[in-house]
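K.L.:
This is the structure I have questions about; it appears just below.
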Amino acid sequence: MSKKKDGLRKSGTAAGSREESRPDGAGVVSRRRLIGSAGAAGAAGLVLGAAGGAGTYAATREEEPTALTTVGSTEAMFHGKHQAGITTPLQARGHLVAFDLAPGAGRKEAAALLRRWSAVAERLMAGEVVKGGPGHDTGVALDAGPSSLTVTLGFGRTFFARTGLDDRRPAALDPLPAFSSDHLDAKRSDGDLWVQIGADDALVAFHALRALQKEAGSSARVRWQMNGFNRTPGATARPMTARNLMGQVDGTNNPRPAESDFEKRIFVPSDDSSASAWMANGSYAVVRRIRMLLDDWEELTVERQEQVIGRRKADGAPLSGGSESTTMDLDRTGPDGKLLIPSNAHARISSPEKNGGAAMLRRPFSYHDGISDDGTPDAGLLFVCWQADPFKGFIPVQRKLDRGDALSPFVRHEASGLFAVPGGAGAGEYVGQRLLES
C-alpha cells in the first residue's frame, strides 16, 4: 500500500488481513471484509428486501453501487510522530467533545481511559469492527471503509490538578485573555479532556463518537459536545479551499507542511528538556464556537462583504489583485489613493505580516444548530487552530483583531477552550503515556 505525505493512505481489501497479526485478532473484523463476505447472498438480499426498501434503492439507480469509493477507502494512520487530525485534510464531518473526569477519578483512572480510547481509536481508524467491546460494535458503520476517520486527544488546564500533575502543566496552557467579542458560555467551554473526531462519512464519525463516549464509562462524563461539517471531498470539480457559511473562501493563508518553518510554527520541538517535554511533537489547540450573524451579513452587498474581508468572494483572491494564492499587496492603492485592501479588513489585520510573523494552522468545521429564539440562524464556525505556542499564535492575532477588525460586528465568540495535544503514540503506546506514566 502506498502512503501519502499527509499520513493518509488508500485502504484496499488487503487491509482485512491486519486482524491476523493482532494477538486478539479473533475478536476483530474488518468492516469491508464483513460486508464482502456476504458474496452472492448480498445480491439475493436485494430481491428479498424489495418490500423493505433495498429494492426501491436499486430501482432508482441506473448503475450498480460501487463497492468502495475513494472517499470511503482513505485511511489515516493512528501511530506516528504527530496525532492525526492536525495536518489531515479537512473532513466532511466532525465532532468536538470535552469530558470532565468523574469525582474521585485521578491519574490512574485517566491513564486507563487514555489507554482504552487509544486502542479503540486505532482500530476504528483502520476500518475495523471490534467484537465484544462495551457498546462500540453498534453496527452503524459496518458497511463503510475508514473514510479518513481521525481521533485526536488532548488535555485541558484543569486535567493536571485533577491528576496530581500540576508540576507538569505547560505554561502555554495559561488561560486565554478576555476579548471584546466574547460572549462565552462556561458550560460549553474548557474541560479536563478534549476529543476531536473527523471523518468523510457522517455515520463513521458518529460511530466513533459513540464508541469513545461509551469507553469513558464511569471515569469521565461529557461536559459539552459540538457537531460540525465541511464540504465533502469530491463535491467540486477540482480540489479547492473550503468556504465558510458566509460564503467566503476560508484558509487561504494557512501555513503549509512544505514550508521550511511549518514544524517550528505548529508543533512543540522535541529537544525541550523542561517539565513539559512530554509535549514533544504535540501542538496546542484553541477551540472557539463563533456564531456568525448571518442575517446581518447577508444584508451587505457582495462588494461590501469583500471590503470587510479584503478578498474577492468569487475566488478568494486579494483585493490587491491576482489569484487566491497571490501574496496580498498591503500597500497597493487605487486611482483614488485609497488602500485596495482596507486598513480594517480581516485579511489584513490577521495576516502574519501585521502580527510579527505569528501564524496558526486553522482547521475548522462549520455548524448549524437550528434557529434561535429570536428567529436568527444559530450557525457559524467551530474554529480550531493549531500552533506550537498559543501566546505566539492565536493570542496576538486575536488581540489585533479585537482592536478594529471590520468582521467583528458580524461574529460572536460563544465558547472557548485551550488544550494541550501531545505528540502521536508510538507502536504499543497510548496517547499521553509519556505524561501519565513518567
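Any read-out appearing in this document is the output of simple, stated calculations on the displayed coordinates, not a laboratory observation. All figures in this text were calculated on a predicted structure; none of them were measured in a lab. Note that each Cβ is placed from the backbone with ideal geometry, even for glycine, and that neighbours are counted across all protein chains shown.
K.L.:
Any idea what the relative contact order of segment 191-283 is, in percent, if you count C-alpha pairs under 8 Å spaced at least 6 apart?
P.N.:
In percent, rounded to a whole number, it is 12.
K.L.:
Report, in whole Å, the centroid distance computed from the Cα atoms of segment 270-340 and segment 194-231.
P.N.:
Cα centroid of segment 270-340 versus Cα centroid of segment 194-231: 29 Å apart.
K.L.:
Please identify which residues in segment 89-125 have an amide N closer than 12 Å to a label point set 7 Å out from the Cα of GLN225, following the Cα→Cβ vector.
P.N.:
What the label zone holds, given the 12 Å backbone N cut-off, is 95-99.
K.L.:
Efficiency by 1/(1 + (r/R0)^6): what FRET value for MET240 and SER180, r their Cβ-Cβ distance, R0 = 51 Å, to the nearest 0.05?
P.N.:
It comes out at approximately 0.95.
K.L.:
Which trypsin sites (Lys or Arg not before Pro) does segment 391-423 hold that lie in a coil by DSSP with at most 15 other beta carbons within 10 Å?
P.N.:
ARG403
K.L.:
To continue, here is another question. Counting only other residues whose beta carbon sits under 12 Å from that of MET240, what net charge do I get with K and R as +1, D and E as -1?
P.N.:
0
K.L.:
On to the next question. Just need the relative contact order of segment 238-284 here, percent rounded to a whole number, with Cα pairs under 8 Å and 6+ apart.
P.N.:
Computed value for segment 238-284: 22 percent relative contact order.
K.L.:
Rounded, prolate or oblate for segment 214-294? Axes are the square roots of the Cα gyration tensor eigenvalues, ordered a ≥ b ≥ c, and the cut-off for rounded is a/c under 1.5.
P.N.:
oblate
K.L.:
What does the charge count around ALA102 come to, taking other residues whose C-beta lies under 9 Å from its C-beta (Lys +1, Arg +1, Asp -1, Glu -1)?
P.N.:
Net charge around ALA102: -1.
K.L.:
Charges only on Cβ, +1 for Lys and Arg, -1 for Asp and Glu: so what's the dipole of segment 220-296 about the Cα centre, in debye to the nearest 20?
P.N.:
Rounded to the nearest 20 debye, it is 400 debye.
K.L.:
DSSP loop GluC sites (Glu not before Pro) in segment 261-359 with at most 16 other Cβ atoms within 10 Å of their Cβ, which ones?
P.N.:
Sparse-neighbourhood loop GluC sites (Glu not before Pro): GLU299, GLU324.
K.L.:
List the trypsin sites (Lys or Arg not before Pro) within segment 299-382 that fall in a DSSP loop (any state other than H, G, I, E or B) and whose Cβ has at most 14 other Cβ atoms within 10 Å.
P.N.:
Here the trypsin sites (Lys or Arg not before Pro) that fit, given the DSSP loop and packing criteria, are ARG332, LYS338.
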